[in-house]
Each structure stands twice: as structure tokens, then as C-alpha cells.
Amino acid sequence: MKRRVVITGVGAVTPLGVGAEPLLRRWAAGEVGIQEGEGAARDFVAKEHLSIKEARRNDRFAQMAMVASDEALAQAGWNGEKPYAPERIGCVLATGIGGLESLEGQHDNLRDKGDKAVSPLSVPLFMVNAGTAALSMRHDLRGPTFQVGSACASGGHAIGTAMRMIQMGDADAIVTGGAEATLTPLARASFAAASALSPTGISRPFDARRDGFVMGEGAGVIVLEDAEKAEARGATILGELKGYATTSDAYHITATLPEGTYASRAMDLALADAGLTPAEIDYVNAHGTSTELNDAAETTAIKLTFGDAAGQVPVSSLKSSIGHLLGAAGAVEAIATLLAINERIVPPTLGLQEPDPALDLDYVPGAARELTPRNGTPKALSNSFGFGGHNVVLCLEGTTA
């Protein structure tokens, strides 16, 4: 029998503020954290949360992960004293790109000032596993520890992989999630050259005027624990990670398979892993990038999974409020999904004012609405689809009222 995996703590840094609480509150209130075409985490100032040394030795993406992890562990009730042996606690953190800000800065130093201007901290700053290393050292996590990178599906992959390791007995708890901070000249130019970014700087998933995604930055960290052990120590359970599945489109390096076949299969497999049917799902947090291809393919995929009842399941996209956090998106969206269903709220898809006749699901346009669970505790899917054809779906169950 598989071990049950529960969530005991969450933490976030996003364009809506520092902390998980403003993430849901402001999204549900219809606030948009995107300014001047980007979802920057403007409220996050590293020196307000970290020492000068900690800030100097870590790229912005790792800094945000550290602050989010402090919040998550405090909520989990660890408070500096771990409930399990360090070797039984792992860390699986995701990023799509890593310390690009540091990489670009050091390259500028090299070009403009020569070799001696390059910092000896360069590699630790921009290596993709820098966030994982920072969290493991910060919290003395000595179990399975590594970084996951699968573009925009990275955060979901990290959480699902962490779940599997607890189920298999490799760890009793894992600190997991994702972080990304790539609002840099090279990233902007690269995504624009690929015609992926919105030229208008507006994120409006599923709207007829959608014209590309808006880049954002942030971090989301979740504490996962073996349910039996968490309950034995008297932890407050925020929810359960019921199911996880991943598939590949194997189709195109950036475009989604239009038929939605393998995105739908990922949803089917996540439901099967959770022991649930589509009829038991109360909400779908969509990948919803505000790109023409993704939103159409995801709509098709949801219809394949939910069949004739697809129009009865509310679907919305957090990216309409904060933009696309790339490798952090799946983790931040899973946190927002859990918080939403526990508050019995279906958050809105913002900016959806001109419906696309070809997209006909219930995208919860404009304003949040009340969620009434169909079967006792609320249940939701959180979708993440990444460049390279990576599909990840998490199935989450909230708490009783």
C-alpha cells in the first residue's frame, strides 16, 4: 500500500507579494501583479529577509526560494527543530533556467573588465542546482537532494518526484517546489525572438485577443510529509497530494500538441493515481499561458478527460494575475490551488473579456466565485505543460470545512 503524502507548510514569493497569503487573497480579489509588461516580485527585497552575506552568495532565484522555504517550514511547525532525522528529509527544488541574472552580470564583467573581474562565486551563483543547495544547507536537509529542470513543467515535476520518494520510503519529508528569476535582457530578447512573449504585455488566458505569455518571477515551496508520521507528531494538515502523473507530447520543442492527447492522458493518469474520477474534481487550475496554441490545446485536453461534463468544471489561470513564472509556475500554482480550495473559492481568470468562440469551458472570467465541494473535501487538478512537450498534472485534496 502506498504511503499517503500530506502538505504541512507552504511559502511563496510572487508578483502579488511576499508570502502565500497575499497570493490567493489578491488573486481572488482580481488584482494583477503585472506592471509594465512583466510580473516582477517588486515587494521582495533580499536584504529585508536575508543577511548581507546570504544575499551576496545567492542569485535572486535562490534568495526567493530561501525566503519561501522559511515560511513553509514555520507553517509546518518545524521552527528550527526538525521532526525527523536530517538524513530522512530531502530537498527537490525546480528551476527552468537557473541563475541567469548572475550569469549575464558576470559575462558583462568578463567582456568589459577582463578575467580578474569575474567573481569566484560565479559558478555557485548561476548553477541550476544553486537553490536546492541553498535550501539543504540552510535547513540541514541531508536526504535525497537534487534539482529538477523541465522548463515550465519543472515545479510540478519537483513536487511529484518528491511525492514518489516519500511513497517509496526514501524519505519521511521533503522540502520541494520551484524558483525562477529571469527578468533579464537575454531572457526577454530570447523569448521575444521565439515569438512567445505578449507584445502588448497583457496576460489574458483563453481570451480571443491572447497574444503570448508575460514573464514573471517568484518561488513556491511546499513541505511534504508521510501522512502517518505527520499525524503522529500532531502536525496541522493543509491537504493531501493525492496523485501525480507526467507524459510527453514528443511533438515540438516549444509548441503544444494541438490535439491535447498526452496532456489529457496526464490528467487521466493523475486521477487514476489518486483513485478518483473526473466527476469528483471541483476545480482545474489551468496552465493557461495566454498563448494561442497552449490555451486551445489545454481546452481540448480538458474536454478529452472530462467528456460531456467538461463545461461543468470551473477552470482558471493564475498566470492572468502574475504572469508565467517558468520553472516556478507549477509550484506556485499548486500552492494557490490548495489555498483556494481550502477557502472554498474558485479564483478568476483575469483579463478574459472577449471570449474565443472556439474555447467554450467555464473559465471563471473576471471575478471569483464560491466553491462547493461535490464530495465532502474539495479536490482539484493543477496542470503544468513545458517547452519540450513535458506534461505534469498534480491532484490535490483540501481539508474539510
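Each value in this text was obtained by applying a stated rule to the coordinates, not by laboratory testing. These numbers come from a predicted model, not from an experiment. Neighbour counts are summed over all protein chains in view; Cβ atoms, including those assigned to glycine, are modelled from backbone coordinates with ideal geometry.
Among residues other than Ser317 whose Cβ falls under 12 Å from its Cβ, what is the net charge (Lys/Arg +1, Asp/Glu -1)?
-1
Taken about its Cα centre, the range 5-232 carries a charge dipole of about 420 debye when Lys and Arg each add +1 at the Cβ and Asp and Glu each add -1 at the Cβ. Each Lys or Arg adds one and each Asp or Glu takes one away; over the other residues whose Cβ falls under 9 Å from the Cβ of Gly169, this sums to -2.
When a/c is below 1.5 the answer is rounded, else prolate if a/b is larger than b/c, else oblate, so apply that to the chain with a ≥ b ≥ c taken from the square roots of the Cα gyration tensor eigenvalues. Note, shape of the chain comes out oblate. For the pair the range 16-86 / the range 261-315, the C-alpha centres are spaced 29 Å from each other.
I need the shape label for the range 243-397. Rule: rounded when a/c is under 1.5, else prolate if a/b > b/c, else oblate, with a, b, c from the alpha carbon gyration tensor.
Cα axes put the range 243-397 in the rounded bin.
Residues within the reach of a label modelled at Asp360 (point 7 angstrom out along Cα to beta-carbon, backbone nitrogen below 17 Å), restricted to the range 274-308, are 296-308. Charge dipole of the range 243-397 (Cα centre as origin; +1 on each Lys and Arg Cβ, -1 on each Asp and Glu Cβ, all else neutral): 300 debye, rounded to the nearest 20.
Ranked by how many other Cβ atoms sit within 10 Å of their own Cβ, fewest first, the residues Val392, Val45, Val32 fall in the order Val45, Val32, Val392.
Ranking Ala171, Ala230, Gln147 by how far each Cα lies toward the positive end of the dipole of the range 5-232 (charges on Cβ) leaves Gln147 at the top. For the chain, DSSP calls about 65 percent of its internal beta bridges antiparallel. Each Lys and Arg Cβ is given +1 and each Asp and Glu Cβ -1; about its Cα centre, the chain then shows a dipole of about 760 debye.
Ordering Ser51, Ser119 from the fewest to the most neighbouring beta carbons within 10 Å gives Ser51, Ser119.
Placing unit charges on the Cβ atoms of the charged side chains and taking the dipole of the chain about its Cα centre, the candidate lying farthest along the positive direction among Met137, Asn383, Pro278 is Met137. Once the Cα-Cα distance is subtracted from the 0.36 nm per residue extended length, the Asp43 to Arg233 segment shows a gain of 64.9 nm. FRET efficiency for the Ile52 to Ala272 pair, using the beta carbon distance and R₀ = 51 Å, is estimated at 0.55. In the chain, the DSSP-assigned H stretches of four residues or longer account for a calculated mean residue ellipticity at 222 nm of -10000 deg cm²/dmol, using -39500 (n - 2.57) per stretch and the full residue count as denominator.
Counting only other residues whose beta carbon sits under 11 Å from that of Arg142, what net charge do I get with K and R as +1, D and E as -1?
Counting the neighbours of Arg142, the net charge comes to 0.
With both labels modelled 7 Å from their Cα along Cα-to-Cβ, the Glu259 to Arg344 distance reads 4.3 nm. For the cross-link pairs Lys2/Lys229; Lys2/Lys242; Lys82/Lys229; Lys47/Lys116, which exceed 19 Å when the distance is taken from alpha carbon to alpha carbon? Going by Cα-Cα distance, Lys47/Lys116 fall outside the 19 Å limit.
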